[in-house]
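A.B. asks: Here's a structure for you.
Throughout, read-outs are computed from the coordinates displayed, never taken from laboratory work. Everything numeric here is computed off the predicted structure, so don't read it as measured data. Because the Cβ atoms are built from the backbone with ideal geometry, glycine has one as well, and the counts that use them run over all protein chains shown.
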Amino acid sequence: MIAKRLKRNLPSLSLLAVFDSAANHLSFKKAAAELNVSQSAISFQVRKLETQLGVTLFIRDNRQIALTKQGSKYHKEIHSALNMITSATNDLTNNSSTPHLTIYCIPYVAQSLLIPNLHLFQESHEGVRIKIEATRQIATLDSNKTEVAIRYVCNDDSLIYKKLTDITISPVCSPELDLKTPKIVRLSSDIDSWQKWQTDWQANIPMEDSISCESMQMVYESAANGMGLAMGYFPLLNQMIENDQLTTPYPSMKSEFGALYLAYVKNNSDNLLVIEFCSWFMALMNDA
């Protein structure tokens, strides 16, 4: 009897999850990427849901989609219901009494700023389990989890971005380095910063003899040990400059190089743990 009642007019959770993702992104292509299926599979599932409901949920115009009035109303309710189901399941299986926070962070920022100061955040948030993922890749944030990302780009409309600081670049080196014939120490995955700085200031430091490192930590340690010029990202290097580990041989020659952002999914805009971490880290950056 219960099974018959549940089956009556109720779509499957999988269909509703597909609809929710497509409605969140207003894109079958982005929904397909999020759910790791093909775009045609998303389109088929949405059509199946519309047929089952007897209602058109999306307006399709060439490659663009928009929610109909009925689709928009349905999405608001379904989105809330799916979040409640997810939250209830997480509470049951993950011991909700222990909150979790995952932080995706650029490796150098994690090593030089986040990890050395994280105990200060933990002191006021006892019992929170914190996971740090140090990565140069742009991680996809899970809308059903408490996650934040610290990154150089802000190109995803599904996220909320908080600007942490503008970034400027200028070479740094050991105070003892001979600048007559300097070599360059660089991150193996980064050539843009040197190209931009040299173009901006019409500099001509040879790149052919450069030393390539796999992490910024290695780059700056090599530079501090007198192995050559490294590209400094400011204000991230202020501490090493103040400690006389590195110096700026061309202090007036700085180039703008984007900004650093803190990002999280819109679902977490009222998540107290996310809000408090953002406030704490933004204050930390202001003091850097």
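A.B. asks: In deg cm²/dmol and to the nearest 500, what is the mean residue ellipticity at 222 nm of the chain if only DSSP H runs of at least 4 residues count, each as -39500 (n - 2.57), divided by the residue total?
C.D. replies: -12500 deg cm²/dmol
A.B. asks: Restricting to bridges with both residues inside the chain, how much of the DSSP beta-bridge set is antiparallel, in percent to the nearest 5?
C.D. replies: The antiparallel fraction comes to roughly 60 percent.
A.B. asks: Just from the alpha-carbon atoms, what are the Rg and Dmax of region 67-188 in angstroms?
C.D. replies: Rg and Dmax of region 67-188, Cα atoms, are 21.0, 71 Å.
A.B. asks: So, one more: Which number do you get for Rg(Cα) / (2.2 N^0.38 Å) in region 167-258?
C.D. replies: Compared with the compact-globule rule of thumb, region 167-258 sits at 0.95.
A.B. asks: Tell me which residues come under 5 Å, amide H to amide H, from residue 232 once H is placed; ignore anything under 5 positions away on its chain.
C.D. replies: Residues meeting the amide H criterion: 170, 172.
A.B. asks: Tally Lys and Arg at +1 and Asp and Glu at -1 over the other residues with C-beta under 14 Å from the C-beta of residue 265: what net charge comes out?
C.D. replies: My count for the surroundings of residue 265 gives -2.
A.B. asks: For the chain, which span is the longest to avoid every loop-located (per DSSP) member of GluC sites (Glu not before Pro) having at most 14 other Cβ atoms inside 10 Å?
C.D. replies: 1-125
A.B. asks: Quote the relative contact order of the chain in percent (integer), defining contacts as alpha-carbon pairs under 8 Å separated by 6+ residues.
C.D. replies: 19
A.B. asks: Can you bin every Cα-Cα distance in the chain into 10 Å intervals starting at zero and give me the percent of pairs per bin, rounded to whole numbers?
C.D. replies: Cα pair-distance distribution for the chain, in percent: 6, 22, 24, 20, 15, 9, 3, 1, 0.
A.B. asks: Show which aspartates and glutamates lie in cross-link reach of residue 162 when reach means a straight Cα distance below 16 angstrom and same-chain residues fewer than eight apart are skipped.
C.D. replies: Partners found: 147, 270, 276.
A.B. asks: All other residues with a Cβ under 10 Å from the Cβ of residue 28 taken together, and with Lys, Arg as +1 and Asp, Glu as -1, what is their net charge?
C.D. replies: Once positives and negatives cancel, what remains is +4.
A.B. asks: Assuming 1.306 mPa s and 10 °C, estimate D for region 248-288 with Stokes-Einstein, Rh taken as the Kirkwood radius over Cα pairs, in µm²/s.
C.D. replies: Value of D from the Cα-based Kirkwood radius: 124 µm²/s.
A.B. asks: Another one. Please list, or write none, the lysines whose alpha carbon is within less than 19 Å of the alpha carbon of residue 163, excluding same-chain residues fewer than 8 places away.
C.D. replies: 266
A.B. asks: Still on this structure, I have one more. Work through the residues other than residue 213 whose Cβ is under 12 Å from its Cβ and net out their charges, Lys, Arg +1 and Asp, Glu -1.
C.D. replies: Neighbourhood net charge equals -2.
A.B. asks: Sequence neighbours fewer than 8 away in the same chain don't count; with that in mind, list the lysines whose C-alpha is under 29 Å from residue 183.
C.D. replies: 196, 254
A.B. asks: Further question: So how much slack lies between residue 155 and residue 81, counting 0.36 nm per residue of separation and subtracting their Cα-Cα distance, in nm?
C.D. replies: 23.8 nm
A.B. asks: If I take every Cα pair under 8 Å that is 6 or more residues apart in region 145-288, average their sequence separation and divide by the length, what percent do I get for the relative contact order?
C.D. replies: Averaging sequence separation for qualifying contacts and normalising by length gives 46 percent for region 145-288.
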